[in-house]
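Everything on this sheet refers to the single structure shown next.
Here, each number is a calculation from the coordinates, and none is a lab measurement. Small disclaimer: the values here were computed from a predicted structure and weren't measured. Cβ placement follows ideal geometry from the backbone for every residue including glycine, while neighbour counts extend to all protein chains displayed.
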Amino acid sequence: MPQTPHIAFIGAGNMAQAIIKGMLAAGYPPNKICASGRTQAKLDQLTADTGIHTSIDNLSLCDQADVIVLGVKPHMMGDLVKSIAPAIDPSKHLIVSVAAGILAGSIDSWLGQTTPIVRCMPNTPSLVGKGAAGLFATTGVSSAQKHTASTIMQSVGLALWVETEAHIDAVTAVSGSGPAYYFLMMEAMIAGAEELGLSNDVAQQLVLQTAVGAAQMAQESQQTPAQLRLAVTSPKGTTEQAIDTFNKGDFSQLCSQAMAAAHHRSKELANLYKA
């Protein structure tokens with residue numbers, strides 16, 4: 001693989017654009033990135049915004065590329081992969097899939113040949129450079145190709161490798177769907193603050209800043225989240241009363257059940273879109 005591989009994004013939606021802009025911000029040369037899509041006007045705007053080459057011709061982009069990032073919706077993946085199969089060379093290309101529920105074996109089946117594949121499960125905070133992604137590599141992926149996949153995903157946040165493809169379902173339940181869990185908590189706290197008499201504007205600002213502060217403390221502290229929680233929970237204080245209420249509602253068990261449900265659905269989707 002070249003030192004600076006040519007990367008083609010097939011599908012130029014929000015996630016692909018976030019990754020592209022993150023790579024450019026990190027110094028990746030725009031002449032080494034290209035993207036395709038179905039709407040010429042949107043591609044023209046992407047070129048104007050980023051300076052990368054865009055096209056509606058998937059095959060020509062694949063011919064030029066060393067790495068092909070598949071960023072279309074899961075239900076579109078089968079037809080797309082079959083359409084680009086004639087341009088794929090397993091001795092040259094690395095396929096990177098960011099589509100939920102699409103197994104590496106399905107991509108191989110649609111291509112008609114075994115190809116180096118990396119599956120990624122990014123999340124929506126990638127759009128603001130604070131993403132968290134899990135990555136899995138099939139046996140044919142070289143160390144250089146793994147490095148390239150890491151470079152792509154680290155441009156928009158944290159990227160961690162998992163040992164088995166089944167772990168991608170767990171990543172989906174933790175960080176893929178995880179932002180929505182926090183948004184739900186924020187919604188509930190804002191509503192609760194309004195019930196206590198605060199305006200929506202004040203409630204929203206306080207809740208969002210509290211979430212940002214708590215996350216930053218957890219990242220920067222040498223203490224675990226459990227230790228940080230205990231440090232702020234004074235005996236017979238206000239925080240203890242709130243935590244006791246959460247515990248009476250079995251908050252931890254509810255979180256566990258919710259993540260198990262997301263994990264189960266991720267496996268169902270893999271079977272639904274299986275080749």
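Per residue, the convex hull around the alpha carbon atoms of segment 178-269 comes to 130 Å³.
Computed 3J(HN,Hα) for segment 246-263, one whole-Hz value per residue from the Karplus formula 6.51 cos²θ - 1.76 cosθ + 1.60 where θ = phi - 60°, is 4, 5, 5, x, 6, 4, 5, 5, 5, 4, 4, 5, 5, 5, 5, 5, 5, 4, glycine and proline marked x.
With contacts taken as Cα pairs under 8 Å and at least 6 residues apart, the chain reaches a relative contact order of 17 percent.
A straight line joining the Cα centroids of segment 245-267 and segment 188-203 runs 25 Å. Panel order for H53, H147, by other beta carbons found within 10 Å of each beta carbon, from fewest to most: H147, H53. Remark on L94: its backbone amide H falls under 5 Å from those of V67, I68, a criterion applied only to residues 5 or more positions apart or on other chains, H modelled at 1.01 Å from N. Gyration tensor over the Cα atoms of segment 1-158: the corresponding equivalent ellipsoid has semi-axes (square roots of 5 times the eigenvalues, largest first) of 21, 18, 15 Å.
What the Kirkwood sum gives for the chain is a hydrodynamic radius of 20.6 Å, with every pair of different alpha carbons counted. Cα centroids of segment 5-67 and segment 103-140: how far apart, whole angstrom? What the calculation gives is 18 Å, centre to centre. Residues whose amide H comes within less than 5 Å of that of W161, counting only those at least five positions distant or on another chain, are L135 (H built at 1.01 Å from N in the peptide plane).
Proximity of backbone amide H atoms, modeled 1.01 Å from N, is registered between I102 and no other residue at under 5 Å, excluding neighbours fewer than 5 places apart on the same chain. The radius of gyration of the Cα set in segment 88-173, together with its Dmax, comes out at 12.5, 37 angstrom.
Looking at the chain alone, DSSP beta bridges between its own residues are antiparallel in about 15 percent of cases. In terms of surrounding Cβ atoms within a 10 Å radius of their Cβ, H75, H6 rank from fewest to most as H75, H6. Shown for W161, W110: other C-beta atoms within 10 Å of each C-beta, ranked fewest to most, produce the order W161, W110.
Which percent of Cα pairs goes in each bin when the distances of segment 168-226 are cut into 10 angstrom slices starting at zero? The calculated distribution, bin by bin, is 21, 37, 32, 9, 0. With all pairs of different C-alpha atoms in the average, the Kirkwood value for the hydrodynamic radius of segment 205-249 is 11.6 Å.
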